[in-house]
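A short worksheet on the structure shown next.
The values are calculated or read from the model by the stated rules, or taken from the named source; none is laboratory data. Please read all numbers here as calculations on a predicted model, not as lab measurements. Neighbour counts are summed over all protein chains in view; Cβ atoms, including those assigned to glycine, are modelled from backbone coordinates with ideal geometry. Keep in mind that these areas ignore ligands, DNA and RNA; they rest on the heavy atoms of the full protein, side chains included. Shrake-Rupley method; radii C 1.70, N 1.55, O 1.52, S 1.80 Å.
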Amino acid sequence: MKERNDIGSFDAILDEKYGKMGTPERDEFHREAYAYCVGQMISEARKHEKMTQSELAERVGTNKTYISRIEKGVIEPGVGLFFRIIDALGLKIEIVKPVL
């Protein structure tokens with residue numbers, strides 16, 4: 001098998017682009033990435049339920065624009081709204097202590 005020299009560390013790429021772990025830039029990147037991932041999960045669950053953004057917004061007491069911004073990762077919903085969205089989509093949250 002031929003050794004590959006073009007494979008690098010993803011952490012090294014993130015370090016270069018967003019700064020080392022613990023820096024404000026890297027923390028901001030993680031916040032943005034988390035918001036984007038949550039938005040994508042909500043979007044996929046909504047589509048799976050064949051629900052429009054307007055229908056979801058009506059069920060949880062907000063508007064379509066706010067749901068769109070959540071799904072794009074532009075904003076993170078507050079805890080109360082997040083739980084209403086989860087409930088409206090028929091999802092479940094499980095809080096567990098991580099195994100280390």
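Are there any helices (runs of 4 or more DSSP H) wholly within the stretch 1-70 with 1 or more residues that are touching a Gly at 6+ places or on another chain (Cβ under 6 Å) and within 30 Å of ARG84 (Cα to Cα), and if so which? Quick ask: steps written out before the conclusion?
On the way: elements: 10-18, 24-48, 53-60.
In the stretch 1-70, 24-48 are the helices (runs of 4 or more DSSP H) which contain 1 or more residues that are touching a Gly at 6+ places or on another chain (Cβ under 6 Å) and within 30 Å of ARG84 (Cα to Cα).
Kindly check whether there is at least one residue in the stretch 5-13 that is of a type outside the set (A, V, I, L, M, F, W, C), surrounded by 13 or more Cβ atoms within 10 Å (Cβ to Cβ) and out of contact with any Cys (no Cβ under 9 Å at 6 or more places or on another chain).
Residues of the stretch 5-13 that are of a type outside the set (A, V, I, L, M, F, W, C), as a first pass: 5-6, 8-9, 11.
Filter once more, keeping what is surrounded by 13 or more Cβ atoms within 10 Å (Cβ to Cβ): none.
No, the stretch 5-13 contains no residue that is of a type outside the set (A, V, I, L, M, F, W, C), surrounded by 13 or more Cβ atoms within 10 Å (Cβ to Cβ) and out of contact with any Cys (no Cβ under 9 Å at 6 or more places or on another chain).
State whether the residues of the stretch 55-73 include one that is touching a Pro at 6+ places or on another chain (Cβ under 9 Å) and open to solvent by 70 Å² or more (accessible area, probe 1.4 Å).
Yes, because at least one residue in the stretch 55-73 is touching a Pro at 6+ places or on another chain (Cβ under 9 Å) and open to solvent by 70 Å² or more (accessible area, probe 1.4 Å).
With the condition kept exactly as written, say whether any residue in the stretch 14-37 is over 25 Å from ALA88 (Cα atoms), among the hydroxyl-bearing types (Ser, Thr, Tyr) and either at pLDDT 95 or above or open to solvent by less than 90 Å² (accessible area, probe 1.4 Å) (or both).
Keep residues of the stretch 14-37 that are over 25 Å from ALA88 (Cα atoms), which gives 14-30.
Filter again for among the hydroxyl-bearing types (Ser, Thr, Tyr), leaving 18, 23.
Narrowing further to those that are either at pLDDT 95 or above or open to solvent by less than 90 Å² (accessible area, probe 1.4 Å) (or both): 18, 23.
Yes, the stretch 14-37 contains a residue that is over 25 Å from ALA88 (Cα atoms), among the hydroxyl-bearing types (Ser, Thr, Tyr) and either at pLDDT 95 or above or open to solvent by less than 90 Å² (accessible area, probe 1.4 Å) (or both).
What pairs come up if the first residue lies in the stretch 87-100 and is in a loop (DSSP other than H, G, I, E, B) and open to solvent by less than 100 Å² (accessible area, probe 1.4 Å), the second is of a type in the set (D, E, K, R) and at pLDDT 90 or above, and their beta carbons are under 8 Å apart, counting only those six or more places apart or on different chains?
Pairs that qualify, where the first residue is in a loop (DSSP other than H, G, I, E, B) and open to solvent by less than 100 Å² (accessible area, probe 1.4 Å) and the partner is of a type in the set (D, E, K, R) and at pLDDT 90 or above, are LEU89/ARG46; LEU89/GLU49; GLY90/GLU49.
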